[in-house]
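The values are calculated or read from the model by the stated rules, or taken from the named source; none is laboratory data. What you are looking at is a predicted structure, and each value in this text was computed from that prediction instead of being measured. All Cβ positions, even for glycine, are placed from backbone atoms using ideal geometry, and neighbour counts span all protein chains on display. When the accessible area is computed, the model is the full protein with side chains, heavy atoms only, and any ligands, DNA or RNA have been set aside. Shrake-Rupley method; radii C 1.70, N 1.55, O 1.52, S 1.80 Å.
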Amino acid sequence: MSILAEQFQQLSTLLHQARGDWQHTPFSCTELPWPELAPMLMALDEAQIDALDQDDAAALAWLAPMRPHTAAAHALSLPELERATDYATPRWSNGIGGRKWAQIKDFAANVPRDTHPVLEWCAGKGHLGRLLAQQGAPSVTSLEWSADLCIQGEQLALQLGLKHHFHCANALDTDAAELFQPQQLAVALHACGELHLRFLRHAAQAGTQQLALSPCCYHLIESDVYRPLSQAGQQQDLKLDRHSLRLPLQQQVTGGERVRRLRHIELTWRLAFDELQQHLSGQPHYLPLPTFPKRLLSGDFAEFAHFAGTQKGLTMPKAIDSQHWLALADQRRLLVKRIELVRHRYRYLLELWLLLDRALFLEEQGYRVNLGTFTAIEHTPRRYLLRAEL
Ligand SMILES: C[S@@+](CC[C@H](N)C(=O)[O-])C[C@H]1O[C@@H](n2cnc3c(N)ncnc32)[C@H](O)[C@@H]1O
């Protein structure tokens, strides 16, 4: 059994046993789901919860006496892979944000140079592909479905005289599989759920020699429940629904005071609206709201509640007693944060499980696989890289 397979088995056992810790939907809970953790959680005020939640090491140390296996499992850390020697910006990189540029440079530092033609999957404007072309790739084909991004990328490649072309198509169309060749380096930087699952399947099917993938948005899949890619994953299936698949993404790395304040308002208003809609409908069930434009958060709660009610097809009263609903939300916000404080301690472990499932799939297909972090967390929280070679 490979090291990755051993780690996967260990992790699967823990995550199965601890399912009751990470699977809850905090917005649907009316009380703490763990009586044994209640004294510790109730002893924390909101500022203490926020501070602890921001500090992973401190939060794990806090939880360790009650959940020693969860804390211990974090020893399964991934190695740091190669990093760029510098982040100096050439003239052509104008318009690429500093953090994106660092990600691209670090990603490029982890792929073999000038050996095979490159296929860049879900390329955006093809910044990564352009850098690889600059660094000597024999040719680069970037797949992207936005015609606008393809045109912009083509123009940049033309200006620089690079062998870099765009293939404007839907990555989920069956004929996208034909882009994969054996003598090729296929790369995907931040390809969402279904898109990177297809990438892996197509590459394995074609016998593509070199792969590099940094996955993101695990929840953006076609089915309601994740079907593991690897045989090992199918045997240890955690039956992850979209709610659980989102958990790894709930890690906030950046954000100043303003971002924090907006998050606070959003959480409170969502909960206040939920209290109001439960009252109006007489149904004691949480009604999730989809994402909405953040500018709504700079108005007042009553306006927001009318917007949300219309979204959900509810008839809203003309006058809304904002103070009343916001006070109820304050109570519930604390409950949500207490539950999240525990759930968040499984963010990394669930992401690792998903990454290992992908890694084991490639091992099962005969690839030598290497998994680690390709860039610093300040550049992006989605910083895991799967490198594989046949
Ligand atoms: C998160 S962005 C990553 C872009 C680029 N790789 C980067 O890291 O800057 C994902 C890209 O995938 C493209 N995309 C989304 N769905 C797609 C599909 N079905 N087929 C092709 N491209 C798609 C989006 O337009 C977007 O440019």
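Regarding residue 340, is this residue surrounded by fewer than 21 Cβ atoms within 10 Å (Cβ to Cβ) and closer than 21 Å to residue 77 by Cβ?
Taking the combined requirement at face value, the residue does not satisfy it.
Looking for whichever is of a type outside the set (Lys, Arg), surrounded by fewer than 18 Cβ atoms within 10 Å (Cβ to Cβ) and over 27 Å from residue 216 (Cβ atoms) here; the options are 43, 58. Which one fits?
43
Does residue 72 qualify as being of a type in the set (Gly, Ala, Ser), closer than 30 Å to residue 13 by Cβ and open to solvent by 60 Å² or more (accessible area, probe 1.4 Å)?
Here the answer is yes, as residue 72 does meet what is asked.
Of the numbered conditions (1) crowded, with 16+ Cβ neighbours inside 10 Å; (2) modelled with pLDDT of 95 or more, residue 286 fails exactly one; give the number of that condition.
Only one criterion is unmet by residue 286, namely (2).
Residue 188 - would you say it is open to solvent by 10 Å² or more (accessible area, probe 1.4 Å) and in contact (Cβ under 8 Å) with a residue 12 or more places away in the chain?
Considered against the rule, which asks whether it is open to solvent by 10 Å² or more (accessible area, probe 1.4 Å) and in contact (Cβ under 8 Å) with a residue 12 or more places away in the chain, residue 188 comes out as no.
Any idea which residue in region 252-283 is least open to solvent (accessible area, probe 1.4 Å), counting only those that are over 20 Å from the mean Cα position of the chain (by Cα) and of a type in the set (Val, Ile, Thr)?
The extreme case among them is 268.
Output the residue which, of all residues in region 297-328 that are under 23 Å from residue 258 (Cα atoms) and outside any helix (DSSP H, G or I), is most open to solvent (accessible area, probe 1.4 Å).
Only one residue tops the list, namely 300.
Can you pull out the residues in region 376-390 that are open to solvent by 10 Å² or more (accessible area, probe 1.4 Å) and in a strand (DSSP E or B)?
The answer is 384, 387, 389.
Name the residue, out of 25, 70, that is modelled with pLDDT of 95 or more and not assigned by TED's automatic domain parsing to the domain that holds residue 364.
Criteria check complete, one pass: 70.
May I ask you to list pairs of residues, at least six apart or on different chains, whose Cβ atoms are under 6 Å apart, with the first in region 107-130 being farther than 16 Å from residue 148 by Cα and the second being within 15 Å of the ligand (Cβ to nearest atom) and open to solvent by 30 Å² or more (accessible area, probe 1.4 Å)?
As it stands, the answer is 119/141; 119/179, since those pairs meet every condition given.
Please go through (1) closer than 30 Å to residue 5 by Cα; (2) part of a loop (DSSP other than H, G, I, E, B); (3) not assigned by TED's automatic domain parsing to the domain that holds residue 126 for residue 60 and return the number of the only condition it doesn't satisfy.
(2)
Yes or no: residue 44 closer than 23 Å to residue 74 by Cβ, part of a loop (DSSP other than H, G, I, E, B), among the hydrophobic types (A, V, I, L, M, F, W, C) and in contact (Cβ under 8 Å) with a residue 40 or more places away in the chain?
Taking the combined requirement at face value, the residue satisfies it.
Would you confirm whether or not region 355-375 contains a residue that is open to solvent by less than 40 Å² (accessible area, probe 1.4 Å), among the hydroxyl-bearing types (Ser, Thr, Tyr) and within 27 Å of residue 19 (Cα to Cα)?
The initial filter retains those residues of region 355-375 that are open to solvent by less than 40 Å² (accessible area, probe 1.4 Å), namely 355-362, 367, 369, 371-375.
After this cut, where a residue has to be among the hydroxyl-bearing types (Ser, Thr, Tyr) as well, the list is 367, 373, 375.
Still in the running and within 27 Å of residue 19 (Cα to Cα): 373.
So far as region 355-375 goes, yes, one or more of its residues are open to solvent by less than 40 Å² (accessible area, probe 1.4 Å), among the hydroxyl-bearing types (Ser, Thr, Tyr) and within 27 Å of residue 19 (Cα to Cα).
Tell me which residues, restricted to region 203-220, are open to solvent by less than 20 Å² (accessible area, probe 1.4 Å) and either touching an Asp or Glu at 6+ places or on another chain (Cβ under 7 Å) or at pLDDT below 95 (or both).
210 - this is the single residue of region 203-220 that is open to solvent by less than 20 Å² (accessible area, probe 1.4 Å) and either touching an Asp or Glu at 6+ places or on another chain (Cβ under 7 Å) or at pLDDT below 95 (or both).
Among all residue pairs at least 6 apart or on different chains, which show Cβ distances below 9 Å where the first residue, located in region 347-359, is assigned to a helix (DSSP H, G or I) and the second is among the β-branched types (Val, Ile, Thr) and open to solvent by less than 10 Å² (accessible area, probe 1.4 Å)?
349/70
Tally up the residues in region 206-217 that are within 16 Å of the ligand (Cβ to nearest atom), touching a residue at least 60 places away in the same chain (Cβ under 8 Å) and part of a loop (DSSP other than H, G, I, E, B), please.
We begin by selecting, within region 206-217, every residue within 16 Å of the ligand (Cβ to nearest atom); these are 211-217.
Okay, now just the ones that are also touching a residue at least 60 places away in the same chain (Cβ under 8 Å), so 211-216.
Subset that is part of a loop (DSSP other than H, G, I, E, B): 216.
Qualifying residue count, region 206-217: 1.
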